[in-house]
Amino acid sequence: DTGVSQDPRHKITKRGQNVTFRCDPISEHNRLYWYRQTLGQGPEFLTYFQNEAQLEKSRLLSDRFSAERPKGSFSTLEIQRTEQGDSAMYLCASSGGVGGFNSPLHFGNGTRLTVT
Amino acid sequence: KQEVTQIPAALSVPEGENLVLNCSFTDSAIYNLQWFRQDPGKGLTSLLLIQSSQREQTSGRLNASLDKSSGRSTLYIAASQPGDSATYLCAVNQGGSEKLVFGKGTKLTVNP
């Protein structure tokens, strides 16, 4: 179990640019989640994948945001035409195993995005 | 809409003290409740998960309780240590959705 890996750890971009983040979940986990966290707040749900299918999306995920999980392995989160309000920590989590819905989430260390 | 509140927002205690962190939620129709720990600049580490049919879970010096009907959970930390210093977050899952709704967390500082 190598844990959930996220890349890059930090990203600084200018407003209007596109950015893409990658998440590698724990290998045997079929559930993958993206959350966003701003300073002093708890994480907010963005989207959920079961294997390669994106089954749930938050209304927070505007049309500038898109997420994929090809072949049910790693996942990418892309933000187009970034805005200063997109500055946040983007967290990926995975879960799986016999507990199913009651399996705890394992989080990566996040990608911190700063939009200037 | 589910809302999760954690009190206090921050807590500072001397090493060795037993302490309780509180979490309340507005909609009692939850599927499970999870407690997490977050160190500065890092992701979240799952501490305990309590299913809706359970009343408590224990792991080492940690004990979490759940009272669904009153919409409350507590995290009890025994014999606190400086290494326990972190932000503790609780989150609820309502079933019918994969979304966890988080509180803002309690920032704990354990002084040597």
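The values are calculated or read from the model by the stated rules, or taken from the named source; none is laboratory data. Here the structure is a predicted model, which is why all the values come from computation and not from measurement. Please note: Cβ atoms are built from the backbone with ideal geometry, for glycine as well, and neighbour counts cover all protein chains shown. Note: areas computed on protein heavy atoms with side chains; ligands, DNA, RNA excluded. Shrake-Rupley method; radii C 1.70, N 1.55, O 1.52, S 1.80 Å.
What fraction, in whole percent, of alpha-carbon pairs in the stretch A:1-59 exceed 19 Å separation?
When every Cα pair of the stretch A:1-59 is considered, 44 percent fall beyond 19 Å.
Tell me the Kirkwood radius of the stretch B:50-111: reciprocal of the mean inverse pair distance over distinct alpha-carbon atoms, in Å.
Hydrodynamic radius (Kirkwood, Cα pairs) of the stretch B:50-111 is 13.1 Å.
Write down the Kirkwood hydrodynamic radius of chain B, to one decimal in angstroms, obtained as one divided by the mean of 1/r over all alpha carbon pairs.
Kirkwood radius, chain B: 14.0 Å.
Based on the mean of other Cβ atoms within 10 Å per residue, sort peptides B:2-13, B:69-80, B:27-38 so the most packed one is first.
Ranking the peptides B:2-13, B:69-80, B:27-38 by packing returns B:27-38, B:69-80, B:2-13.
Report the net charge of residues surrounding A:T82, where surrounding means a beta-carbon distance below 9 angstrom and charges are Lys +1, Arg +1, Asp -1, Glu -1.
+2
Which Cα, out of B:Y31, B:T58, B:T74, lies furthest along the positive dipole direction of the stretch B:6-112 (beta carbon charges, K/R +1, D/E -1)?
B:Y31
Tell me the Kirkwood radius of the protein assembly as shown: reciprocal of the mean inverse pair distance over distinct alpha-carbon atoms, in Å.
That comes to 18.1 Å for the protein assembly as shown.
I'd like the interface area for chains B and A: accessible area of each alone minus the complex, both sides summed, 1.4 Å probe, protein heavy atoms only. What is it in Å² to the nearest 100?
Chains B and A together bury roughly 1800 Å² of accessible area.
Short version: ³J(HN,Hα) in whole Hz for each residue of the stretch B:107-112, in order, from phi by Karplus 6.51 cos²θ - 1.76 cosθ + 1.60 (θ = phi - 60°), x for Gly and Pro, what are they?
Values, residue by residue: 8, 9, 10, 10, 8, x Hz.
Could you do me a favour and compute the accessible area per residue for the protein assembly as shown, 1.4 Å probe, result in Å²?
Using a 1.4 Å probe on heavy atoms only, each residue of the protein assembly as shown averages 49 Å².
Magnitude of the Cβ-charge dipole of chain B, K/R +1 and D/E -1, about the Cα centre, nearest 20 debye?
Computed about the Cα centre, the dipole is about 180 debye.
Mean-square fluctuation check for chain A, GNM, Cα pairs under 10 Å: which of A:L60, A:L39, A:L105 is largest?
Looking only at A:L60, A:L39, A:L105, the largest GNM fluctuation is found for A:L39.
Would you mind computing Rg(Cα) / (2.2 N^0.38 Å) for the stretch A:37-116, counting N as its residues?
Dividing the Cα Rg of the stretch A:37-116 by 2.2 N^0.38 Å gives 1.15.
Just which residues of the stretch B:34-66 lose 50 Å² or more accessible area with every protein chain there, against their chain alone, with the probe set to 1.4 Å?
B:L44
Find how many whole Å separate the alpha carbon centroid of the stretch A:26-77 from the alpha carbon centroid of the stretch B:19-61.
Using only Cα atoms, the two centres lie 21 Å from each other.
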